[in-house]
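Trainee: After the structure tokens below, expect a handful of questions from me.
The values are calculated or read from the model by the stated rules, or taken from the named source; none is laboratory data. Keep in mind that what you see is a predicted model, and the values were worked out from it rather than measured. For neighbour counting, all protein chains shown are included, and Cβ atoms are generated from backbone atoms with ideal geometry for every residue, glycine included.
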Amino acid sequence: MEKKKTKKRKGLAITSLILNVFFLIPILNIIFSGLAIIFGIRALSNIKNKPSEYGGKALAIIGVVWGIVIITTTIFSVFYYYLVYKR
């Protein structure tokens, strides 16, 4: 008897990764990176609860980490600008 392989769903993980591409848009990068973190965490939660149904763990992790890096870099850049140039 053949066991049918079902295709694992990776939608949330891919969305998490794709949203981080919008980091080039100045104000929207915080919004899109925040959404990427939310989608990535949700994807990781789905993967943990139903591993046979969901996939894309690496994509979700990359999306979350990249989102955190972008938000942190943006916040430090804004603080640096105000500390150096607004004296």
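Trainee: Could we say that Asn46 is at pLDDT 90 or above, over 8 Å from the mean Cα position of the chain (by Cα) and assigned to a helix (DSSP H, G or I) here?
Mentor: Considered against the rule, which asks whether it is at pLDDT 90 or above, over 8 Å from the mean Cα position of the chain (by Cα) and assigned to a helix (DSSP H, G or I), Asn46 comes out as yes.
Trainee: Return the only residue of Ile37, Ile30, Ile61, Ile47 being farther than 25 Å from Lys8 by Cα and out of contact with any Cys (no Cβ under 6 Å at 6 or more places or on another chain).
Mentor: Ile30
Trainee: May I ask you to list pairs of residues, at least six apart or on different chains, whose Cβ atoms are under 7 Å apart, with the first in the range 58-87 being among the aliphatic types (A, V, I, L, M) and the second being surrounded by 11 or more Cβ atoms within 10 Å (Cβ to Cβ) and not in a helix (DSSP H, G or I)?
Mentor: Leu59/Lys10
Trainee: Could you list, in sequence order, all residues of the range 16-28 that are surrounded by fewer than 20 Cβ atoms within 10 Å (Cβ to Cβ) and at pLDDT 85 or above?
Mentor: Listed by number, the residues that qualify are Ile18, Val21, Leu28.
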